[in-house]
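Peer 1: Below you will find the structure I want to go over with you.
The values are calculated or read from the model by the stated rules, or taken from the named source; none is laboratory data. Predicted, not measured: the structure shown is a model, and the values here were computed from it. Cβ atoms come from the backbone with ideal geometry, glycine included; neighbour counts cover every protein chain shown.
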Amino acid sequence: MRRIEFIKISGGAATFVMLGGISWLLESCSKTNMMSIGSNSVLEGSFDYLLPIPQTLLGTNAIFLNAQHNITNIIKGKKSRVLGYSEGILGPIIKVQNGQSVNVNFINGIEEETNIHWHGLLIPANMDGHPENIVQSGASFNYNFTVNQRAGTYWFHPHTHMKTAKQVFKGLAGMFIVNDAEEANLNLPSGEFEIPIVIQDKRIYSDGSLNYSPTSEDVMSGYFGEHICINGAHSPYCEVKTRVYRFRVLNGSTARVYNLSFGNMIFHIIGSDAGLLPVSQTVNSLILAPGERADILVDFSALSVGSEVFLQSNTFNGGESQGSQSFKIMKFKINAQETENFTVPSSLSAITFISSSSAIRTRSFDIANSHGGMNMTNMESMAMTHNIGGKSFDMNRIDETVKAGDTEIWEFDNSMGTDLHPMHIHGVHFQILSRIGGRNTVQPHETGWKDTVLLMPGEKVKTIMTFPNNLGKFVFHCHNLEHEDSGMMLNFKII
Ligand code: C2O
Ligand code: CU
Ligand code: CU
């Protein structure tokens, strides 16, 4: 039985988690200038920090990623110690053409084990970053695979059991963009008009240091930071022209769900987790959970030079733990007039829908009772566990076995649940057949291929998928990373 130990420092303000005596993790414990952390309430900045854009590496070249400690400014003018795969945080962006083979030389330059999972890629099991395929501190690994899938915004991050949340929170994550001919034909906004937006909330002390230190309540609901950051910058701004922009949005937060909107402006969802939707969806807002991506087009042409628009998160009905506050995330300043003749294409991509009658089996997973409760060994030490259908993650147990080429329905049942769970399956893309309870409908961004689906309290969702011919062991789990790290993950094997 694995457990996380929570150790209370007597007299100190912090409760922090010990994951094996890592001194750098403890560095902020003695700080006296802590702000109130642990409260969910978001602190907006002054939106005068220019949005950083991570560096882009092309898959035509060998790629070098080195997990390392970096110093960066998350809050303007304050230094934070973070983790990155190259310089800074949350990058680089890897960009490949469908069909290309990719060669990533990875070095683990941090003092604990880590690895890389390629979220949304359909690649062999031994390249997928299963938590048993770890790279020890100081060791290296060559990730080598051929990309054979639709254009889309995928991403990569560590998948070390019980350390995923902390490592992602500290900055280890990046976008993995696949392009193909179908997408290129649409002539979507590109270059400076195509902007990556990785959203991550962080708890940051007033001196700029960050510390991943979930309390047992944080493990229960998820770890919420009061600083909402884009591409690693708190409350940034970006200058735009009066034209259409393409934003590739990734919710890279460990637990926080956002209800994204541009105030009164409508916008167009053109893609989600695994590429373009069949037709664009015009919306006012979009609920995006950890792990999910949205490809959106925003038209600033009706605005006048000098005006400002905010990307914000609106309130939503997210049970007890989420959605009660609305807050601004980043600012767009309209700084130049431009006339263009781009119109949002209504038809985007040819998608074949899988009919539910082609499924040979339905598997149901109860996630409503996924809080396994607290394991109190004494007053000072406790472990919070999560599960799927009563089972907590066991590295060696195969929970489900599926056959390559088979079509199955997987149903996640949160109808009696009180918490939110974004469920993610490795190694396969799925379509969403139905949602019953809660929002009671398939959402606009769920009308294409997905790899992660949010279940609000009270919801039951049916997904359908055909397993590809990548044999071996994969995982599926809740992408609330505190839930995942505390056991809300199972193994499945493709045979
Ligand atoms: Cu993005 Cu198993 O994760
Ligand atoms: Cu994944
Ligand atoms: Cu969960």
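Peer 1: Looking at region 417-495, what strands (runs of 3 or more DSSP E) fall wholly within it and have at least 2 residues that are away from ligand 1 (no atom under 12 Å from the Cβ) and within 16 Å of the chain's Cα centre (by Cα)?
Peer 2: Working: elements: 421-425, 431-436, 452-455, 460-466, 472-478, 489-494.
Answer list for region 417-495: 452-455.
Let's see how each residue does on (1) without any contact (Cβ under 8 Å) to a residue 12 or more places away in the chain; (2) outside any loop (DSSP other than H, G, I, E, B); (3) within 16 Å of ligand 3 (Cβ to nearest atom):
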| position | (1), (2), (3) |
| --- | --- |
| 154 | no, yes, no |
| 161 | no, no, yes |
| 172 | no, no, no |
| 176 | no, yes, no |
| 192 | yes, yes, no |
| 196 | no, yes, no |
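Peer 1: Which of the residues spanning region 424-461 are touching a residue at least 40 places away in the same chain (Cβ under 8 Å), farther than 30 Å from residue 132 by Cβ and away from ligand 3 (no atom under 16 Å from the Cβ)?
Peer 2: Within region 424-461, 433, 443, 444, 445, 446, 447, 448 qualify.
Peer 1: May I ask you to list pairs of residues, at least six apart or on different chains, whose Cβ atoms are under 9 Å apart, with the first in region 470-484 being under 17 Å from residue 453 (Cα atoms) and the second being modelled with pLDDT under 95 and within 13 Å of ligand 1 (Cβ to nearest atom)?
Peer 2: Close Cβ pairs (under 9 Å, with a partner that is modelled with pLDDT under 95 and within 13 Å of ligand 1 (Cβ to nearest atom)) amount to 484/161.
Peer 1: Also, quick follow-up: Which residue out of 398, 432, 494, 409 is more than 14 Å from ligand 2 (Cβ to nearest atom), of a type in the set (Val, Ile, Thr), at negative phi and in contact with a Leu (Cβ under 6 Å, 6 or more places away or on another chain)?
Peer 2: 494
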